[in-house]
Amino acid sequence: MKNKQESNIVKGFLAGKEEVISLFYEHNFQKIKVFIEKNSGTETDAEDVFQEAIIVTYQKLRAGTLQLECSLGTYVFAVSRNIWMNTLRKRNRVRSWEKLPEISIALHNTILEDIHTLERLALYQKYFLKLGENCQRLLGFFFSGKRMSEIANIMGYSEGYSRKKKFECKKRLIEMVEQDPLYEELRYESFKEGER
Amino acid sequence: MMERTAELFELIEAYLSGGMGETERAAFELRIRESKELEMEVEKHRILSEALKDDAALAFRKKVSTIAGDFKAKQKSTVNSPNIGTPKNHFLKVAAGVLVLFGLGVVLWWQINTRASTYDRYYEPYAIEGVMRGADADALAVVAKNYAKGKYVEVIPQLVNLIEQHPEKTELQLYLANSYLQTDQALSAITLLKRIEVGNPRFEAARWYLALSYLKADDKAAAKTVVEELIAYDGIYRSQAEGVLGELQ
């Protein structure tokens, strides 16, 4: 860690402090937007990629597996860049790309591994947050291990209705994921991995 | 094609949670080995469970999404705010402001701005969904590129042709409707979007843009009906529909 300010930003991230994340977002988004728009992307692509990069970084920080050898902003830029170049590679727009000079080969490679691992989970989480509030609550309770009778009680439904609603919410979520172009690409990559 | 039923989901959930007896588990695993479709379905449920068990990650993701939305809204309001510019411009704006305070015209000006503002606040072009595959992939890629660059006038006839050849590609209809909206042809957008029916995977998106099209066409009542429908649908556009309804009311 280079200085106290960086250390405070990392602590703020880990604690999920909105003012820290918000300031970080404001100071760093433009650079990523410029990069992505220069490389066949749109502002919406930049928003999606930057958010994913921040989340990947948070996951690494939480797991204690991130050894920062540069500023957090540089790291998140490297992750964003790799996410985007990975996307372009899948669209057959680029074959490979060089690592950023500010980061080591080892860090560059771990970024690629992390992106691959988290891509599938990220897709489901992204669409979960697009469900209606009741669906999010119900599925949240279900996946946290609560029994259906308990969920019914909290939600104010009958148990039968809760099961029906759980099925509908889950079905809708899976269908939304399946409609995302990334889902097909991840499926194709899984198929290729399975063949090896 | 395997049908998704509540019973199937409960079986998969029991299997993944270890809630099946030995015999039942063995029988289900045999079914999985015999059906690629079932194997893929079980995998989706497994990933879903892993993704949604992580409360902290979900909460963080939600926070980042909110922050991103706020940042974007702030950027938009900075771009749309009046440019004070030169002293002469400033004087004229002050003079105009004084006039509207003393006339009936202020009511009309406010009403027009409110309706336009709701549309402007909520409209974003429907994003290109990704690489379009299949026959005419090159033509589709050109259209996608032009659409993404905002060349809506150029893209409209290209999309009309492609839709004739590929009526099953609903995303093309959404791009065309958005191109109509961007070129002040709201009525054409409405006609097109109304044809996308329940059961179509893009039905909800079509309804959202239909609501926006009605706003653009200044049909507040019709816009209200559609956003109420979207709220009841409880899908990905629900919170935006609630926002629009709030403004219309």
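The values are calculated or read from the model by the stated rules, or taken from the named source; none is laboratory data. Please read these numbers as outputs of a predicted model, since none were measured by experiment. Glycine also receives a Cβ, built like all others from the backbone with ideal geometry; neighbour counts cover every protein chain displayed.
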Residues of segment A:95-106 classified as at pLDDT 70 or above and either small (G, A, S) or assigned to a helix (DSSP H, G or I) (or both), total: 3
Within segment B:233-249, the count of residues that are aliphatic (A, V, I, L, M), surrounded by fewer than 18 Cβ atoms within 10 Å (Cβ to Cβ) and within 10 Å of chain A (Cβ to nearest Cβ) comes to 0
Kindly establish whether B:A68 is under 21 Å from A:L14 (Cβ atoms), surrounded by 13 or more Cβ atoms within 10 Å (Cβ to Cβ) and either of a type outside the set (K, R) or in contact with a His (Cβ under 7 Å, 6 or more places away or on another chain) (or both). yes
Filtered residues of segment A:118-145 (kept if closer than 14 Å to A:A53 by Cβ and modelled with pLDDT under 85): A:L118, A:E119
If I filter segment B:197-212 for residues that are in contact (Cβ under 8 Å) with a residue 60 or more places away in the chain, over 19 Å from A:K130 (Cβ atoms), surrounded by fewer than 16 Cβ atoms within 10 Å (Cβ to Cβ) and not hydroxyl-bearing (S, T, Y), do I get at least one hit? no
Filter segment A:53-71 down to the residues that are away from every other protein chain (no Cβ under 14 Å), surrounded by 16 or more Cβ atoms within 10 Å (Cβ to Cβ) and either of a type outside the set (A, V, I, L, M) or not in a loop (DSSP other than H, G, I, E, B) (or both) and list them by number. A:C70, A:S71
Please name all residue pairs, on different chains or six or more residues apart, with Cβ atoms under 7 Å, provided the first residue is in segment B:57-73 and is within 7 Å of another protein chain (Cβ to nearest Cβ) and the second residue is polar (S, T, N, Q) and in a helix (DSSP H, G or I). B:A57/A:Q59; B:A57/A:Q125; B:L58/A:Q125; B:R61/A:Q125; B:V64/A:Q51; B:S65/A:Q51; B:I67/A:S22; B:A68/A:Q51
A:G160: more than 8 Å from chain B (Cβ to nearest Cβ), over 20 Å from B:A59 (Cβ atoms) and of a type in the set (G, A, S), yes or no? yes
Identify, by number, the condition in (1) at pLDDT 90 or above; (2) within 28 Å of the chain's Cα centre (by Cα) that A:M148 doesn't meet. (2)
Among the numbered conditions (1) in contact with a helix residue (DSSP H, G or I) (Cβ under 7 Å, 6 or more places away or on another chain); (2) surrounded by 12 or more Cβ atoms within 10 Å (Cβ to Cβ), tell me where B:M40 comes up short. (1)
Can you work out which of the residues in segment B:27-56 that are over 24 Å from A:G145 (Cβ atoms) and of a type in the set (D, E, K, R) is farthest from the other protein chains (Cβ to nearest Cβ)? B:R31
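So which of A:N92, A:N109 ends up being at pLDDT below 80 and on the phi > 0 side of the Ramachandran plot?
Just a single option satisfies the conditions, and that option is A:N92.
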A:N8: passes all of (1) assigned to a helix (DSSP H, G or I); (2) surrounded by fewer than 19 Cβ atoms within 10 Å (Cβ to Cβ); (3) within 17 Å of the chain's Cα centre (by Cα) but (3)
